[in-house]
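The values are calculated or read from the model by the stated rules, or taken from the named source; none is laboratory data. This structure is a prediction, so every number in the text was calculated from the model and none was measured. Note that we place each Cβ from the backbone using ideal geometry, even for glycine, and neighbour counts take in every protein chain shown. Protein only, heavy atoms only, side chains kept; ligands, DNA and RNA dropped before computing areas. Shrake-Rupley method; radii C 1.70, N 1.55, O 1.52, S 1.80 Å.
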Amino acid sequence: MAETKTDRRKSKAPEAKAKAPQAKGKEGLKCGIEGCKRAYQAKGYCFFHYDKWKNGELPKARYKTCSKEGCHKKVVAHGLCAEHQKNKTGEAAAAAVPVAPPAPPAAPA
C-alpha cells in the first residue's frame, strides 16, 4: 500500500493572522515614560523600559542605589554598594592605626 503526499497530510497549513500579536499586560495602557508609545508590559513600563528599570538604569530604580556619583549598584550598607563600602572600611582601618610618637632625644652622658 503506497502512501501518497495527500494521504500523509492531515491538516491544512495555518492561514496568516489578520492582527499583529498583542502586548502582554492590560489592554490600552502605554508605557509610563514620557514620549514612549510602546504598549504596557509591567510596573507601568513597556518591555524596553521595564528592562532598564530592572537594571537600575532609570531615575526611579528598582532598589536603592549607591550614593557615589555614577554608581548604580545596589546598596549594601550606609548608602554604599559593596565595592564602595569595602573601600570605606579599608580607609577607616588605615586611619585608625596609631602612629608611634617620636623617641625622646638621648640625654648627654
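Computed values, structure above
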{"read-out": "Cross-chain or 6+ apart pairs with Cβ under 8 Å, segment 70-96 first and closer than 17 Å to residue 55 by Cβ, then at pLDDT 85 or above and in a helix (DSSP H, G or I)", "value": "71/83; 71/84; 73/82; 73/83"}
{"read-out": "Filtered residue count, segment 26-67, keeping only those that are open to solvent by 50 Å² or more (accessible area, probe 1.4 Å), part of a loop (DSSP other than H, G, I, E, B) and of a type in the set (Phe, Trp, Tyr)", "value": "1"}
{"read-out": "Residue list for segment 68-87, restricted to those being in a strand (DSSP E or B) and open to solvent by less than 90 Å² (accessible area, probe 1.4 Å)", "value": "77, 80"}
